[in-house]
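The values are calculated or read from the model by the stated rules, or taken from the named source; none is laboratory data. From a predicted model like this one, the values you see are computed outputs, not experimental measurements. Heads up, the Cβs are rebuilt from the backbone with ideal geometry, glycines too, and the neighbour counts pull from every protein chain shown. These accessible areas exclude ligands, DNA and RNA; they are computed on the full protein's heavy atoms, side chains included. Shrake-Rupley method; radii C 1.70, N 1.55, O 1.52, S 1.80 Å.
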Amino acid sequence: MTANLEALEVTTPAWKVIPDRFAGHTAVVTGAGSGIGLATTRRMLDEGATVIAVDMHEDRIAAVMQEYSDGSCVPVVGDLVESVTIDRIMQAAHGEVDLLANVAGIMDGFLPPGEVDDGTWDRVLAVNLTAPMRLVRAALPSMLAKRSGAIVNVSSESGFRASVAGAAYTASKHGLNGYTKSIATFYQGQGIRANVVAPGAVRTNIDAPFKSQFAAGVLGPWLKVGVFKQASADEAASAITYLLSAEASNINGAILPCDAGWSAC
Ligand SMILES: NC(=O)c1ccc[n+]([C@@H]2O[C@H](COP(=O)([O-])OP(=O)(O)OC[C@H]3O[C@@H](n4cnc5c(N)ncnc54)[C@H](O)[C@@H]3O)[C@@H](O)[C@H]2O)c1
């Protein structure tokens, strides 16, 4: 069984490019080859940023590079769990990161606390929580030197409640929310903002099979009731780029649901 969201509506928003919104800025976007990360990367490139586009799938990054061959998109192919990838991202950015979108993330097969195996737990926490922490830690020195910087970490409905995923994913996204508040608290006096975007259901390539019959039985009804719209990746990218932009200059430590109201219900 998989989480069947196929029947739900996908709305493509009528957003327009805001010319030069990110001109002169170097941005790092992870998960840039697919889904929300790809939509964010396109939006930021279209709005003037230089984007370090990071993904572990070489073919996906190659496709982005074909779209943007003017040098504004700088590819980094690698697994974010490996610290060498963080080093390569910082080299590609020449040590100067103005904007950071930690978008890459993976699901956990909806495995409940009694069934989650060590491999799944370790990988999900490493990709969804530890990798963003390492990338923020690497980017902070240049942001602190400029007394300017914006970070968006992409969490989930699973950062609010436990009825949407398995134990590891839920723990990773709750952790990411708390970690983001920590950045906001420690650096609010130094021109650095950190916020969360928490998408609801979004049509992407994320792999979300139920690997537990027990979980399917417990969570299936919650998912049927809760998810009433499947959004486009562009809608999530709109929230991310807003929080990265100067328009959100007084927003720090916020967790912004981008879920058509799901978290309000
Ligand atoms: N799709 C949804 O319904 C949904 C809902 C809530 C939250 N999210 C979150 O949105 C984020 C983006 O997910 P998406 O739906 O766009 O998924 P996606 O699978 O379409 O894209 C994620 C990209 O991240 C890359 N990636 C994954 N692990 C990586 C690693 N270790 N190193 C480098 N690259 C890696 C993948 O190769 C992929 O291209 C994730 O953090 C996810 O948890 C998604």
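In whole Å, what are the extents of the chain along the principal axes defined by its C-alpha atoms, from largest to smallest?
The Cα atoms of the chain stretch 50, 38, 37 Å along their principal axes.
Given the protein chains as shown and a 1.4 Å probe, how many square angstrom of residue 225 are accessible, to the nearest 10?
That residue has around 120 Å² of solvent-accessible surface.
Mind checking the full-extension length gain between residue 161 and residue 247? Use 0.36 nm per residue of separation minus the Cα-Cα distance, one decimal, nm.
That pair, residue 161 and residue 247, stretches by 28.0 nm at full extension.
Carbon and sulfur together cover what percent of the accessible area of the chain at a 1.4 Å probe radius?
55
Would you tell me the accessible area of residue 235, worked out with a 1.4 angstrom probe on the heavy atoms of the protein chains, in Å² to the nearest 10?
In the full protein context, residue 235 sits at about 40 Å².
Between residue 145 and residue 58, what FRET efficiency follows from the Cβ-Cβ distance if R0 is 30 Å, with the result rounded to 0.05?
0.40
With every protein chain present, what is the per residue accessible area of the chain (1.4 Å probe, Å²)?
Value for the chain: 44 Å² per residue.
Straight-line reach from residue 211: which lysines fall under 26 Å, measuring Cα to Cα and dropping same-chain residues less than 8 apart?
173, 224, 229
Restricting the count to DSSP beta bridges whose residues both fall in the chain, what percent are antiparallel, rounded to a multiple of 5?
5
So if each residue of separation counts as 0.36 nm, and I subtract the Cα-Cα distance between residue 118 and residue 15, what length gain in nm does that give?
32.9 nm
Quick one: how many Å² of residue 117 are accessible to a 1.4 Å probe, rounded to 10?
Accessible area, nearest 10 Å²: 70 Å².
Would you report the distance distribution of C-alpha pairs in region 56-190 as whole percents per 5 angstrom bin, up to the bin with the largest distance?
Here the calculated profile for region 56-190 is 2, 10, 17, 19, 18, 15, 11, 6, 2, 0, 0.
Could you compute the longest span of the chain free of trypsin sites (Lys or Arg not before Pro) located in DSSP loops and having at most 13 other Cβ atoms within 10 Å, not counting the site residues?
No qualifying site falls inside 17-146, the longest such stretch.
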